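Inspection log for the structure reproduced underneath, given as structure tokens.
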2 protein chains.
Amino acid sequence: MQKDKSKSKNSSKTVESSQTKEATSSAIEQVTLFPETTSDRPLKPDYPRYRVEPGNLINLADFDADLCESYRKKKDIEEELAYQRDRLGMLQERLYAENKRSLLIVLQAMDTGGKDGTIKQVFSGVNPQGCRVWSFKHPSLEESNHDFLWRYHSRTPQKGMITIFNRSHYEDVLIVRVKKLVEDEIWQKRYHIINDFEQMLTLSNITIIKFFLHISKAEQKQRLESRLENPDKLWKFSINDVNERKLWDDYQSAYQDAINNCSTAYAPWYVVPANKKWYRNLVIARAIADTLAAMNPQYPQASADITNIKIPD
Amino acid sequence: MQKDKSKSKNSSKTVESSQTKEATSSAIEQVTLFPETTSDRPLKPDYPRYRVEPGNLINLADFDADLCESYRKKKDIEEELAYQRDRLGMLQERLYAENKRSLLIVLQAMDTGGKDGTIKQVFSGVNPQGCRVWSFKHPSLEESNHDFLWRYHSRTPQKGMITIFNRSHYEDVLIVRVKKLVEDEIWQKRYHIINDFEQMLTLSNITIIKFFLHISKAEQKQRLESRLENPDKLWKFSINDVNERKLWDDYQSAYQDAINNCSTAYAPWYVVPANKKWYRNLVIARAIADTLAAMNPQYPQASADITNIKIPD
């Protein structure tokens, strides 16, 4: 976990967090300058520390799911989160207009880990025209009758889009391994296949960023109980979650191996402390906004032949 | 255009417009009571007047695209729009949780009519996990090799989802007719086919609501010029828009016939005055929120066998 790699992404905050997405174009310009600007302000939150560097093997047990730097409560981060969400919205608009590249976000977590909540709280505010979420559940019979990447490949983002995979092709080295749905030698080969697949996507101008929302076993218990107690959350509870919980250690091992084998320079994994939902949201919002800012999407320029056009009455 | 049909949807405003989507569940309850509650407060905006009643033939030339009731400026509607957006977000969450029914929104308009802007300004704030936007452009070769409904049918909403068609199967009785891409007898039969298709969808628990964003020819000129003058809007300009503009009257006729033939009790068309973008947004936001409120989606109830569950450590 190196801590300084993205210091160059620091910035003086040139855009007010209260700014809406209907900002002036000059304000949008400033936002895209973000990655080039430097300042003495510390990176907040310091999300690069959660990136898993290729070859730097991690042990999930070493990760404290309660981490939240020097923040203490939700209120401490609200302004920064609003700012990052605005920034995300503005950059997404440019990515869509540019229509050349796209962003694929992979969200994985144990049950109750916060995938749905992250999507709601980080992406509500993004224009849904440029953002597509695919939630992968039990494969259909048709999907099972194809290779394991087939259903994911068909949902990769088209140019200009942000696509979020809520669960992903990693399930095929996670639940498939833990529940022994295929032979060991089958899922073991998939790390390599996944790396090749992701590299192929990045060579087609798809930027990939992957988040493991890391919660503790105690936190999961609390969240499952909360679903049982709250009528508006009960629909999210599945008796199956209780059975899966008994396999906690097996899943942790499977996640650890997947992350160690598949965090690459072109498609990095981030292990995000996720016991505190507000901190998790801020880490992810900023990591994504910075990723988009580094892509620096541009509105298409005028082609010479439309500059002298006159609109008829 | 009857004006009173939805008076029963009036309501005392039980939820503050500043309320976020993380409202308490009791607040959400009040929102869903909306259609049953009555009050003396006039319906604002009075969108039912824009609904085209089956058999009540309209003449598009009679519709004033500048209408905005007694509102005068954007500032007059900001609070109400924020309230309707919050309501839309809360109801969408319930629709998604219920996972039984869905909503299909069709947006059609002349070039620059405001389809993209409507999606951005009405739906930014909705959880993208429960909302999918499909923008239909020139059909691919594969799409052209199928019946005209094929590409639309495959994008209809699954249970729990709001799907927005940015352009739709109506293009096959609009541009296809105006540009004479098929024989008259082909597109003429499509009104009936479309009505049958939409009825079939509604019988599968898909609620359909269709909006024609009605702008004047002068307004289109202004908007095209604005795109040419503004570097951040230039990407939306197409030289083709100028050619299409020359066919304005043909398109108006085609829209009028499509609306008259295909505004049904189960899938109504609304002709929304759209010269004023802020009024257009408010009309559409409320019409959709009221439609969802009338559907009254519910969080799934507990099944008897999960009430005594204890979560293991």
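The values are calculated or read from the model by the stated rules, or taken from the named source; none is laboratory data. In this text, all values refer to a predicted model and were calculated from it rather than measured experimentally. Backbone-built Cβ (ideal geometry, glycine too); neighbour counts: all protein chains shown. Note: accessible area is taken over every heavy atom of the protein model, side chains too, but ligands, DNA and RNA are not part of it. Shrake-Rupley method; radii C 1.70, N 1.55, O 1.52, S 1.80 Å.
Annotations
- Test: residue in the stretch B:118-131 that is open to solvent by 50 Å² or more (accessible area, probe 1.4 Å) and more than 17 Å from the chain's Cα centre (by Cα): no
- Looking only at the stretch B:280-313, and only at residues there that are free of Cβ contacts under 8 Å to residues at least 24 places away in the same chain and part of a helix (DSSP H, G or I), the one that is most open to solvent (accessible area, probe 1.4 Å): B:Asp305
- Restricted to the stretch A:95-117, and to residues there that are within 11 Å of another protein chain (Cβ to nearest Cβ), in a helix (DSSP H, G or I) and under 17 Å from A:Ala293 (Cα atoms), the residue that is least open to solvent (accessible area, probe 1.4 Å) is A:Ala97.
- Some residue of the stretch A:250-263 being over 16 Å from A:Leu60 (Cβ atoms) and either within 14 Å of chain B (Cβ to nearest Cβ) or in contact (Cβ under 8 Å) with a residue 40 or more places away in the chain (or both): no
- Residue check for A:Leu174: closer than 29 Å to A:Phe123 by Cα and open to solvent by 70 Å² or more (accessible area, probe 1.4 Å): no
- Qualifying position, being surrounded by fewer than 18 Cβ atoms within 10 Å (Cβ to Cβ), polar (S, T, N, Q) and in contact with an Asp or Glu (Cβ under 9 Å, 6 or more places away or on another chain), among A:Ser140, A:Ser135: A:Ser135
- Filter pass, B:Arg223 being over 26 Å from B:Asp66 (Cβ atoms), surrounded by 17 or more Cβ atoms within 10 Å (Cβ to Cβ) and of a type in the set (Lys, Arg): no
- Number of the exception - B:Arg227 against (1) more than 25 Å from B:Leu57 (Cα to Cα); (2) touching a helix residue (DSSP H, G or I) at 6+ places or on another chain (Cβ under 7 Å); (3) modelled with pLDDT of 95 or more: (3)
- Residue check for A:Gln92: within 13 Å of chain B (Cβ to nearest Cβ), open to solvent by less than 60 Å² (accessible area, probe 1.4 Å) and touching a Pro at 6+ places or on another chain (Cβ under 9 Å): yes
- Which listed residue, of B:Ile259, B:Ile209, is over 30 Å from A:Lys100 (Cα atoms) and in contact with a Pro (Cβ under 7 Å, 6 or more places away or on another chain): B:Ile209
- Residues that are aromatic (Phe, Trp, Tyr) and assigned to a helix (DSSP H, G or I) within the stretch B:260-279 comprise B:Trp278, B:Tyr279, listed in sequence order.
- Among the residues of the stretch B:210-236, those identified as within 8 Å of chain A (Cβ to nearest Cβ) and over 30 Å from B:Cys262 (Cα atoms) are B:Glu225, B:Leu228, B:Asn230, B:Pro231, B:Asp232, B:Leu234, B:Trp235.
- Being within 14 Å of another protein chain (Cβ to nearest Cβ) and open to solvent by 20 Å² or more (accessible area, probe 1.4 Å) is a property that B:Gln158 has.
- In the stretch A:123-144, the residues that are away from chain B (no Cβ under 11 Å) reach residues that are open to solvent by less than 20 Å² (accessible area, probe 1.4 Å) and aromatic (Phe, Trp, Tyr) with C-beta atoms within less than 7 angstrom, at least six apart or across chains, in these pairs: A:Phe136/A:Phe165.
- One residue stands out in the stretch A:264-299 among those that are more than 13 Å from A:Arg87 (Cβ to Cβ) and hydroxyl-bearing (Ser, Thr, Tyr): the one that is farthest from the other protein chains (Cβ to nearest Cβ), namely A:Thr264.
Residue-by-condition table, conditions (1) open to solvent by 80 Å² or more (accessible area, probe 1.4 Å); (2) touching a Ser or Thr at 6+ places or on another chain (Cβ under 6 Å):
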| residue | (1), (2) |
| --- | --- |
| A:Ile164 | no, no |
| A:His169 | no, no |
| A:Asp184 | yes, no |
| A:Glu198 | no, no |
| A:Ile206 | no, yes |
| A:Leu228 | no, no |
| A:Asp232 | no, yes |
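- Within the stretch B:153-176, residues that are farther than 16 Å from B:Ala258 by Cα sit with their Cβ atoms under 8 Å from residues that are among the aliphatic types (A, V, I, L, M) and in a helix (DSSP H, G or I), at 6+ positions apart or across chains, in these pairs: B:Thr156/B:Leu201; B:Gly160/B:Leu95; B:Gly160/B:Ala97; B:Met161/B:Leu95; B:Ile162/B:Leu95; B:Ile164/B:Ile119; B:Asn166/B:Ile119.
- Filter result (in contact with a Lys or Arg (Cβ under 7 Å, 6 or more places away or on another chain) and without any contact (Cβ under 8 Å) to a residue 40 or more places away in the chain) within the stretch B:225-248: B:Ser226, B:Lys233, B:Leu234, B:Phe237
- Residues in the stretch A:246-279 that are open to solvent by 30 Å² or more (accessible area, probe 1.4 Å), aromatic (Phe, Trp, Tyr) and over 18 Å from A:Thr202 (Cβ atoms): 1 in all.
- Residue list for the stretch B:221-259, restricted to those being part of a helix (DSSP H, G or I) and among the hydrophobic types (A, V, I, L, M, F, W, C): B:Leu224, B:Leu228, B:Leu234, B:Trp235, B:Ile239, B:Val242, B:Trp248, B:Ala254, B:Ala258, B:Ile259
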